[in-house]
């Protein structure tokens, strides 16, 4: 999901106020996402925008290439002829807005991280029965103490082949577990069949969005433990 169009800074028309208004709308939307607990989408969007903004800041020639207009073909040299906007004010405004946008998105990134750490501090992760660092597959039991509901997930890709935590996937297992004894029984039976998995118990009392907040933070936390 992109809250701003690609090349929104350099596309015509070069209207500073319009582009500033678009930036304001985008930042307000992301703030609303953070407040609503849609942290994963907010994080991905902010990182994407910052990456693009820093490319523009560090590569002036990239902006120049986007601004130039093809005017024809020089038959003597068999090359393309380009013209640039007559006014340097447009380029100045673009760079000015790049600095403003970087400041805005860095502020949003800090907001995401503060909320992220706050949520993560309320999630307790326990490996059962004990740490097994040689196992590369795993099962995750998420216990919601507000409802006593237990959601079960698995990850099957060897973590050494995973590029980063975002690439780690938790696949939901369609089973019904109603309490800790059920988890113990499930782990015991599973280990009798195969001893190639790690098992994680997750406890929380959060009311945040499962898909966009809780699960991404669990993925991040478990990935960090796997790669230590």
Would you mention how many residues in region 118-132 are assigned to a loop (DSSP other than H, G, I, E, B), at pLDDT below 90 and surrounded by 13 or more Cβ atoms within 10 Å (Cβ to Cβ)? 1
So residue 179 passes all but one of these: (1) farther than 27 Å from residue 33 by Cα; (2) without any contact (Cβ under 8 Å) to a residue 24 or more places away in the chain; (3) exposed (fewer than 13 other Cβ atoms within 10 Å of the Cβ). Which condition number does it fail? (2)
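In region 105-137, which residues are under 26 Å from residue 207 (Cβ atoms) and touching a strand residue (DSSP E or B) at 6+ places or on another chain (Cβ under 7 Å)?
First, pick out the residues of region 105-137 that are under 26 Å from residue 207 (Cβ atoms): 107-128.
Matches in region 105-137: 122, 123, 124, 125, 126, 127, 128.
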How many residues of region 5-43 are assigned to a helix (DSSP H, G or I) and touching a residue at least 40 places away in the same chain (Cβ under 8 Å)? The answer is 13
Of the residues in region 134-159 that are more than 27 Å from residue 181 (Cβ to Cβ) and in contact with a helix residue (DSSP H, G or I) (Cβ under 9 Å, 6 or more places away or on another chain), the one that is modelled with the lowest pLDDT is 159
Filter region 177-228 down to the residues that are closer than 16 Å to residue 145 by Cα and in a loop (DSSP other than H, G, I, E, B) and list them by number. 177, 178, 179, 205, 206, 207, 208, 209
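The values are calculated or read from the model by the stated rules, or taken from the named source; none is laboratory data. Small disclaimer: the values here were computed from a predicted structure and weren't measured. All Cβ positions, glycine included, derive from the backbone under ideal geometry; neighbour counts span all protein chains shown.
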